[in-house]
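J.: Below are the structure tokens for one structure; questions will follow.
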Amino acid sequence: MTPDTRDYTILSNYGIPVTDRLLIFQLKACKNAYVGLMSGNTENDPLFEIDFGGYSNSVSFIRAGKDSKLPRLVENSGPILHCSEYKEFMITWDANTINVYRGLDSSGSLFLSWTSPTTLWPIINIGISTAYTANGNWIFHTQGKEITPDDISNITSGCM
């Protein structure tokens, strides 16, 4: 479970690679879940942040950085998360584009997509968090293996 904090849990510490330029996961949260595509080893390095269910699950968006005052690069209005059901997502990126799909593969609907006019910062880590009175349960699918909350000590179970 990601607790109610804006501190990122770094997924590479739990064997979830970034080399595939792909993140496939299921998420159960009421609101305010974040995925940071990070250019360094900490959340203080430049990052692209994907906000799932921001502002009480009313909007999702991508921004360049973690600060809430930064402009949204792309957004999609409407609820996306559910407090008691896992929702499926896939994030892909290449040298210029970040895509977010609903579903566990690219046949799902494209939910958010942003293309930079320049090359993206190199993505070498991925972080996850939830905040603003929200907790999140995450299940990751990687290299044919499912990484569940039981596999990650500080990403356990529960949802507020």
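J.: List, in order, the whole-Hz ³J(HN,Hα) value for each residue of region 117-133 obtained from phi through the Karplus relation with A = 6.51, B = -1.76, C = 1.60 and θ = phi - 60°; use x for Gly and Pro.
T.: x, 10, 5, 5, 4, x, 9, 10, 8, 10, x, 10, 7, 9, 7, 6, 6
J.: So how many Lys-Lys pairs in the chain land under 21 Å Cα to Cα, not counting same-chain pairs under 8 apart?
T.: The result is 6.
J.: Continuing with the same structure: Residue by residue through region 41-56, which ³J(HN,Hα) values in whole Hz follow from phi under the Karplus form 6.51 cos²θ - 1.76 cosθ + 1.60 (θ = phi - 60°), with glycine and proline marked x?
T.: 8, 9, 6, 7, 7, x, 8, 9, 10, 10, 9, 9, x, x, 6, 6
J.: Taking mean projected area of the Cα convex hull in nm² straight from the coordinates, which label in [x] 11.7; [y] 8.9; [z] 8.3 is the correct one?
T.: Of the listed options [x] 11.7; [y] 8.9; [z] 8.3, [z] comes from this structure.
J.: In region 1-109, which GluC sites (Glu not before Pro) fall in coil by DSSP and have 13 or fewer other Cβ atoms within 10 Å?
T.: Those satisfying the criteria are Glu85.
J.: Taking the Cα centre as origin and putting +1 on Lys and Arg beta-carbons and -1 on Asp and Glu beta-carbons, what dipole magnitude results for the chain, to the nearest 20 debye?
T.: 320 debye
J.: Ignoring ligands, DNA and RNA, what accessible area per residue does the chain give at 1.4 Å, in Å²?
T.: Value returned for the chain: 45 Å² of accessible area per residue.
J.: On to the next question. What FRET efficiency do you get for Thr97 and Thr133 if R0 is 30 Å and r is their Cβ-Cβ distance, rounded to the nearest 0.05?
T.: The computed FRET efficiency comes out at 0.35.
J.: Could you work out what % of the accessible surface of region 28-71 is carbon and sulfur, using a 1.4 angstrom probe and leaving DNA, RNA and ligands out of the count?
T.: C and S fraction of accessible area: 48 percent.
J.: Let me ask something else about it. Gain in length, Asn76 to Ser107, computed as 0.36 nm per residue apart minus the alpha-carbon separation, to one decimal in nm?
T.: My answer for the length gained is 9.3 nm.
The values are calculated or read from the model by the stated rules, or taken from the named source; none is laboratory data. These numbers were taken from a predicted model, which means no experiment stands behind them. Neighbour counts run over all protein chains shown; Cβ positions are idealised from the backbone, glycine included. Quick note on the areas: whole protein, heavy atoms, side chains included, nothing else; ligands and nucleic acids left out. Shrake-Rupley method; radii C 1.70, N 1.55, O 1.52, S 1.80 Å.
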